[in-house]
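Everything below concerns the one structure shown next.
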Amino acid sequence: MAVDGTYNVEVSMPEGKRPLSITLKTEGNVLSGSVNGPFGKHAFGDGKVKGNDVSWKVVLTPESVNAGEDDDSEGGFFKKLGSFISDSLSEFIMEPPHADIRSDTELPVEFTAAIAGDEISGEMKFGDYATGVFKGIRLQE
């Protein structure tokens, strides 16, 4: 089954649904691509493919999330993060960063999914804070 392509998906979180665009490209058992959504576009290159199952990880940082915006402070990152997964995060994360949070704060987002024909469904885990499920369809190119 072909995995390659761009998928328009909807992520279901406690606060509602959010759109994402996921582009996947396989080379043997290695998966690369990008995820484009509310936090911007994030590329990855070390994902895995096993049959119709795929997995990969992107890492959100204050710099990558705020790239190209007027407000490039860390507070912008945490505000976006809080609004995207608000009910699932602790109050500590949703507030602007405290003095003890360094500028290299990272949040890994791990994706696992299965491809069935032109449909994709899976889960994305925001570190230890929240999990969302997603499903969508491959764009016909």
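Laboratory data are not the source of any read-out in this text; all were calculated from the coordinates shown. What you see is a predicted model, and the numbers here were worked out from it, not measured in a lab. Neighbour counts run over all protein chains shown; Cβ positions are idealised from the backbone, glycine included.
Side notes on the structure shown:
- For T131, residues with placed amide H under 5 Å, excluding near neighbours: F126
- Taking amide H as placed 1.01 Å from N in the peptide plane, the amide H of D4 sits under 5 Å from that of T26, each at least 5 places away or on another chain.
- Between T26 and K57, the modelled labels are 2.2 nm apart [label points 7 Å from Cα along Cα→Cβ].
- Theoretical gain in end-to-end length, I137 to E10 [0.36 nm per residue, Cα-Cα removed]: 44.8 nm
- A P(r) calculated from all alpha carbon pairs of the range 1-60, with 5 Å bins opening at zero, reads 4, 18, 28, 24, 16, 8, 2, 0 percent.
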